[in-house]
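Trainee: The following block contains the structure, expressed as structure tokens.
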Amino acid sequence: GINAEYGDIYYFYFWLMVYLSVLYTFKQDPGKVAVVQSKNNNHLLYCEKCSLIKPVRAAHCRFCDLCVDRYDHHNIWFDQCVGARNHLSFLILLVALINLTFSTAWDFFGSTCGKREEYSRLALPNCLPYISANKSSVLFAIGLFSLVVLLASIYQLLVQIKLITFNLTGYEERCLRRGYPIHDDLLHSHYYHSPFHKGFKNNWYTFLLSVKHRIISKTLDTV
């Protein structure tokens, strides 16, 4: 488990990180397309539901009923989209969740179940008799829930890293996988020759630069 001297600080830091990431990710504009663009721009498409012309990488969210720039997905847990302006904070949230749930699961299965020598550390079947004998069902539920969230967060982070590496959003990847048309260039594309793919290094540079640019643009719009 975590050293008791630093355990409280560690938990507080990652709880705070998760809390701030949730606020920043799901309490702000994810990149709503609200301004009608010029029809002369070939990189723009028309959305019949919103009655406006949107950037080619924007998509209409059927849950929020609006178009979001670089739309990745709609998060059902927080009822908010992940798009151009909150994608990076969503990644930070996943990292914070992984650290928090890992430490919680490790403290329970590694320390609580490993306190007695007769029970093997991190061995769930050997942990169950200890849970039953000490009536720690609530703690077990917390530990098991943390383990489930940990695995889900790791999977989601790996998916996000893969998509950013190939300069695709979750929505674009799903459309490519299912053969749905997004744009003429994307209709018959896949990861390795997507029109947005500029090489792994450039893809990450484009992602981070676009996030910075949109944050600055949003700040200037509110001044």
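Trainee: So for each of 166-174, 11-19 I average, over its residues, the number of other beta carbons within 10 Å; can you give me the resulting order with the highest mean first? Provide the component values of the computation, followed by the final result.
Mentor: On the way: 166-174: 20.9, 11-19: 14.6.
Order by mean packing, descending: 166-174, 11-19.
Trainee: 5 Å is the cut-off here: which amide hydrogens, built 1.01 Å from N in the peptide plane, fall below it relative to Arg85, excluding neighbours closer than 5 in sequence?
Mentor: Gly31
Trainee: Given H placed on each backbone N at 1.01 Å, which residues far from Asn75 in sequence or on other chains put an amide H within less than 5 Å of it?
Mentor: Gln80, Cys81, Val82
Trainee: Related question: Per-residue HN-Hα couplings for region 68-78, Karplus 6.51 cos²θ - 1.76 cosθ + 1.60 at θ = phi - 60°, whole Hz, x for Gly and Pro?
Mentor: 10, 5, 6, 4, 9, 6, 9, 7, 6, 6, 10
Trainee: Out of the chymotrypsin sites (Phe, Trp or Tyr not before Pro) in region 41-98, which ones are loop residues according to DSSP with at most 16 other C-beta atoms within 10 Å? Spell out each step's value before the answer.
Mentor: On the way: sites: Tyr46, Phe63, Tyr71, Trp77, Phe78, Phe90; in loops: Phe63, Tyr71, Trp77, Phe78.
Hits after loop and neighbour filter: Phe63, Trp77, Phe78.
Trainee: Further question on the same structure: Would you grab the residues whose amide H sits under 5 Å from the one on Lys54? Only those 5+ places off in sequence or on another chain, please, with H modelled 1.01 Å from N.
Mentor: Amide H to amide H, under 5 Å and 5 or more residues apart or across chains, Lys54 pairs with Leu45, Tyr46, Cys47.
Computed from the coordinates by the stated procedures, all read-outs in this text should not be read as laboratory data. Treat the numbers as computed from the prediction; the structure is a model and nothing was measured. For neighbour counting, all protein chains shown are included, and Cβ atoms are generated from backbone atoms with ideal geometry for every residue, glycine included.
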